[in-house]
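Here the structure comes first, spelled out in structure tokens, and everything after it is commentary.
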Amino acid sequence: MTGTPSSPDRPKRFYKDVTVEPAEGGGWQILLDGRSIKTPGRALLRLPTEALAEELAEEWAEQKTYIDLLHMHLTRLANVAIDRVPELREEMAEEVVRYCETDLLCHMAEEPFELAALQEARWSPVRDWAAENLGVILMTTEGIIAAPQPGASLQAARDYALSLDDFRLTALVYGCGLYGSALLAMALTEGALTAESAFHLSRIDEEWQMQRWGEDEEARTAANAKEIESDALGRWLESLRD
């Protein structure tokens, strides 16, 4: 039997004090009782800003009897940024391109008119921002069938992704999956949207339906979990700007 209080899948908290200090060679590290944290790949968990290190330290300090790594969103992002992204930058840029090809903000409702109008009013400023600032001009379509997107725009998205450092590229790709939209993830990465705005823009359809028909407990639980992830992503990016 697994997952019981007496034999949990989670590791037991083994430390008392959590501190942040400059790391040798640059950056910042988190110390647990004076010992630095390593990633799953055995690299030093080195953060580029003190603000981000403080955010991760808070995650570690908040753990109680057991360490809930699954819900330590910033620590998980840092592990990916350090262990995986340096070797997967090209693949991650292609993933951003794939999200551009099926971007949520390009799929307009065929009906009802009220929902389509709401989508246009809320989503078109983000599309316009991406076109003006990043050269990512995406075509809209009605329904679920994706519209072919201009090759120049997809290349602009690829170039933008590859221009980011490993920590911001991690955030961009994570945001694409979280919101179903490369455009929302780009706007959040560049500080043109807050995490709260990006989250609600990604849920226009669901929130419109909820206002009319109500929402069941399972859907609300899933939405709450995604909102927590979105908030963590926003704090990650804000901390990188400091």
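Listing for the model above:
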| quantity | calculated |
| --- | --- |
| Qualifying residue in region 201-209 (condition: in contact with a helix residue (DSSP H, G or I) (Cβ under 8 Å, 6 or more places away or on another chain), surrounded by 18 or more Cβ atoms within 10 Å (Cβ to Cβ) and over 20 Å from LEU104 (Cα atoms)) | no |
| Selection count where residues are assigned to a loop (DSSP other than H, G, I, E, B) and either basic (Lys, Arg) or crowded, with 16+ Cβ neighbours inside 10 Å (or both), scope region 169-193 | 5 |
| Some residue of region 199-209 being within 28 Å of ARG46 (Cα to Cα), in contact with an Asp or Glu (Cβ under 9 Å, 6 or more places away or on another chain) and part of a helix (DSSP H, G or I) | no |
| Per-region count, region 50-67, residues outside any helix (DSSP H, G or I) and surrounded by 16 or more Cβ atoms within 10 Å (Cβ to Cβ) | 2 |
| In region 79-105, the residues that are free of Cβ contacts under 8 Å to residues at least 60 places away in the same chain and either among the hydrophobic types (A, V, I, L, M, F, W, C) or part of a helix (DSSP H, G or I) (or both) | ASN79, ASP83, GLU87, LEU88, GLU91, ARG98, GLU101 |
| Any chance LEU74 is assigned to a helix (DSSP H, G or I), touching a residue at least 60 places away in the same chain (Cβ under 8 Å), touching a Leu at 6+ places or on another chain (Cβ under 8 Å) and not assigned by TED's automatic domain parsing to the domain that holds ALA232 | yes |
| Failed item, numbered, when ALA219 is tested on (1) surrounded by 16 or more Cβ atoms within 10 Å (Cβ to Cβ); (2) at pLDDT below 95 | (1) |
| Region 23-48: number of residues that are in contact with a Phe, Trp or Tyr (Cβ under 8 Å, 6 or more places away or on another chain), closer than 23 Å to GLU87 by Cβ and part of a loop (DSSP other than H, G, I, E, B) | 2 |
| Candidates ASP103, ASP166, ASP159 - the one that is surrounded by 20 or more Cβ atoms within 10 Å (Cβ to Cβ) and not hydrophobic (A, V, I, L, M, F, W, C) | ASP103 |
| Selection status of ALA146, outside any helix (DSSP H, G or I), surrounded by 13 or more Cβ atoms within 10 Å (Cβ to Cβ), in contact with a strand residue (DSSP E or B) (Cβ under 8 Å, 6 or more places away or on another chain) and among the aliphatic types (A, V, I, L, M) | yes |
| Residue match in region 216-228 (condition: in contact (Cβ under 8 Å) with a residue 40 or more places away in the chain and either outside any helix (DSSP H, G or I) or on the phi > 0 side of the Ramachandran plot (or both)) | no |
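Every residue, every condition in (1) among the β-branched types (Val, Ile, Thr); (2) more than 16 Å from the chain's Cα centre (by Cα), yes or no:
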site: ALA116; (1), (2): no, yes
site: THR141; (1), (2): yes, yes
site: ALA152; (1), (2): no, yes
site: SER163; (1), (2): no, yes
site: LEU184; (1), (2): no, no
site: ALA195; (1), (2): no, no
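The values are calculated or read from the model by the stated rules, or taken from the named source; none is laboratory data. Bear in mind that the values here come from a model prediction, so they are computed numbers and not experimental data. Counting neighbours? That spans all protein chains shown, and the Cβs are built from the backbone with ideal geometry, glycine included.
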